[in-house]
Structures are given as structure tokens and as C-alpha cells.
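Enquirer: Before I ask anything, let me first share the structure, which is written out below as C-alpha cells.
Just so you know, all these numbers are worked out from the coordinates, no wet-lab data involved. These numbers come from a predicted model, not from an experiment. Every residue, glycine among them, receives a Cβ derived from its backbone with ideal geometry; neighbour counts consider all protein chains shown.
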Amino acid sequence: MLKHVFSLIFAVMIVCVVAAPVVAQENDPVISAADYLATMQVEDGGFSTGWTPESDLSTTADAVVALVAAEQSGDVLDAALAYLAAQVGAGNAASAGQIAKVITAVIALENDPADFGEHNLIDDLLALQSEEGIFGMGVFDHCLAMIALQNAAVDLPEGTVEALIAGQTEAGGWGFMAGEAPDTNTTGLCLQALALTGEADAVAASLDYLAAIQNEDGGWPYQSPSDYGTDSDTNSTALIVQSLIATGENLDDWHNPADWLLSMQNESGAFGYQAAMPDDNLVATVAVIPALAGLPLNSWALMAE
């Protein structure tokens, strides 16, 4: 079922002209990470955050994208898709961010988000846009929604892009919520959301923001300056790698942050969160897999171009 998707992913990687990301091969880091991830699946088919034993809707949607990026198929993905359908059918995909993540996961598995779990997820998401043009509670959800709609080949409603541009800070990045200081995670999402909109000035400004706070090791922190430290972390760095690929940047020009990500992989195949917190981290592993495989979150929109 996924063969067509994988060939398109390869095409996207070529079009983006980046320094070659890790391509999935036997015993390579991407496959090792996917193998670890498969062992962490909960009996109901979902994946937890790693902090609690219960399955988490958003993490499961992210895990589906990661496993597709690693060219996995079979029972693990089938069970994850069934879990998502059950959660959607039970009304548990309620926020814009959750619905957006499920839409992208469903598209990654070549299913129809307009007919999934007895819901039209596209209509559900569009209904959550405010009069100001923002989806959900803030910028992070808004960018997830933009990416999902683009992946589904749905035209962005009037005012959607303008609302995002209006929230860009003077530093060039975006904060998790409007009015907050910029952070790398939200900015990485926004770059992917803007990659196909033609907003070159906004993209350039956000790339400048990221360049200014990249650490010497090649990674990024969540935020800089920050009261909580500015050590590189895998989640932030992975999102930025995806955004650089989506915007056509050459990773070599960015001190190849993929090298730092690879340095954080453990013998289990999992990735640690930071050098100071090197233990296996499920959410970090889910984030790193698509970055190393060269799969931005907006890949299905890129494929359509």
C-alpha cells in the first residue's frame, strides 16, 4: 500500500537538493529507530508519550508518520491506524492540533481524511478556524492545521496565511502562543507551513532567526535565550531539519545538524533528548526518524507540486 508513497518521498528528497539525509537501509540508524519504536506500541495499537503507559492520540499520529518515513508497513501501522480511527470515532480528536496530526497520518497511509472514523476530518478542522483566521489555541496548532490542509490538497481559507505572518516576531521566529517569545519548535512548524505559500520574506527572516541561535554542536535548543538552558535537544533539532528540507536549504550550509542527531542515538535504536539526558526517549525518537529520513511534515503537499 505504501510503495507509491515511498517513491514520492525519494523524489521530494531529490527536489529539495539538501545534503543527503540518512536513507533507510538494513541496520541503518533510521531502521534501528523504527525497530525500537515498534517495540513500544501499546496493546490498543497506539503509542504513549513515554511518560505514562496509556496511548496518546497525538504521539500515535506522529509515530505513524515516523514509521512511514522509515518505510515500514504491516501490522504495526495497521494497528496504529485502527487506534486512530477508534479515537476519532469516539470524538477524542477535538483540538485543531490533534485533528491536523491525524489528517497528516491518515494521508501518509493513503487513507481519506474526509472519511475516517465516521468523520470528515477536513470539515472538522475547518470548523475550528476563528474569525481572526487562527486555527486552534495558538500558532503551533495553526501551523499544524495549515500543513494538514496543504497535505490534503485543500485550499487554505482566506486570511490563514495572513494571520500567521502577522504573528511573526521581530526576531523572525514565532512563539507557541501569540505574544510569546519565539521558539525553535513553533518556528520550525511555521517554516514548513509557509514553504509553499510564496512568503519569501517571512521564510528568510525565520531562517535568520534559526541561524542566529544554532549551537556550535550543530543542534538547537527549544528557545534562546532561556531560563531553562540552551543545550541542543533532539526534538527541536529534528523539527528544524525538517523545516530546512522543506524550504530547500542545504544541510551542509547549516553545519549538518543531522550529524548531531545521529550522535544522540543509543544502542537500542532510540534517541536521547539531550546530552545531559541521554536515556531512551520515545517522543524524541518519533521526532528524529522523519528528519533523518528526509521527510518534512508537508511532504505530501510538496509531492503535489
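Enquirer: Would you mind calculating the gained length between ASP253 and ASP35 on full extension (0.36 nm times residue separation, minus the Cα-Cα distance), in nm to one decimal?
Expert: Result: 75.4 nm gained on full extension.
Enquirer: Here's a follow-up. What residue among ALA100, ALA108, ALA181 has the largest mean-square fluctuation in a Gaussian network model of the chain, using Cα springs under 10 Å?
Expert: ALA181
Enquirer: Separate question: Which label belongs to the value computed from this structure, given these candidates for Kirkwood radius over Cα pairs in Å: (i) 19.8; (ii) 20.5; (iii) 19.0?
Expert: Of the listed options (i) 19.8; (ii) 20.5; (iii) 19.0, (iii) comes from this structure.
Enquirer: Another question, if that's okay. Hey, what do the phi angles of the stretch 175-186 turn into as Karplus ³J(HN,Hα) couplings, whole Hz, using 6.51/-1.76/1.60 and θ = phi - 60°, x for Gly and Pro?
Expert: Per residue, the Karplus-derived 3J(HN,Hα) values read x, 4, 10, 4, x, 8, 4, x, 9, 6, 5, 5 Hz.
Enquirer: Net charge near ILE245, counting Lys/Arg +1 and Asp/Glu -1 over other residues with Cβ under 13 Å of its Cβ? Before the final figure, lay out each step's value.
Expert: On the way: positive: none; negative: GLU249, ASP252, ASP253.
Here the count lands on -3.
Enquirer: Name the residues of the stretch 277-305 whose amide N is less than 17 Å from a point 7 angstrom out from the Cα of ALA153 along the C-beta direction?
Expert: It comes to 298-305, nothing else.
Enquirer: Follow-up. Give the long-range amide H neighbours of PHE116: residues separated by 5 or more places, or on another chain, with amide H under 5 Å away, using H modelled in the peptide plane at 1.01 Å from N.
Expert: The list, which skips near neighbours in sequence, is LEU121.
Enquirer: Taking the stretch 210-305, which chymotrypsin sites (Phe, Trp or Tyr not before Pro) meet the DSSP loop condition and have no more than 11 other C-beta atoms within 10 Å? Working shown, then result.
Expert: On the way: sites: TYR222, TYR228, TRP254, TRP260, PHE271, TYR273, TRP300; in loops: TYR222, TYR228, TYR273.
For chymotrypsin sites (Phe, Trp or Tyr not before Pro) across the stretch 210-305 that sit outside H, G, I, E and B with at most 11 neighbouring Cβ atoms in 10 Å, the list reads TYR228.
Enquirer: Assuming R0 = 30 Å, can you tell me the calculated FRET efficiency for the pair MET303 and ILE165, based on Cβ-Cβ distance, to the nearest 0.05? If you can, show how the numbers build up before the last one.
Expert: Numbers: r = 25 Å, r/R0 = 0.83.
Plugging the Cβ-Cβ distance into 1/(1 + (r/R0)^6) gives 0.75.
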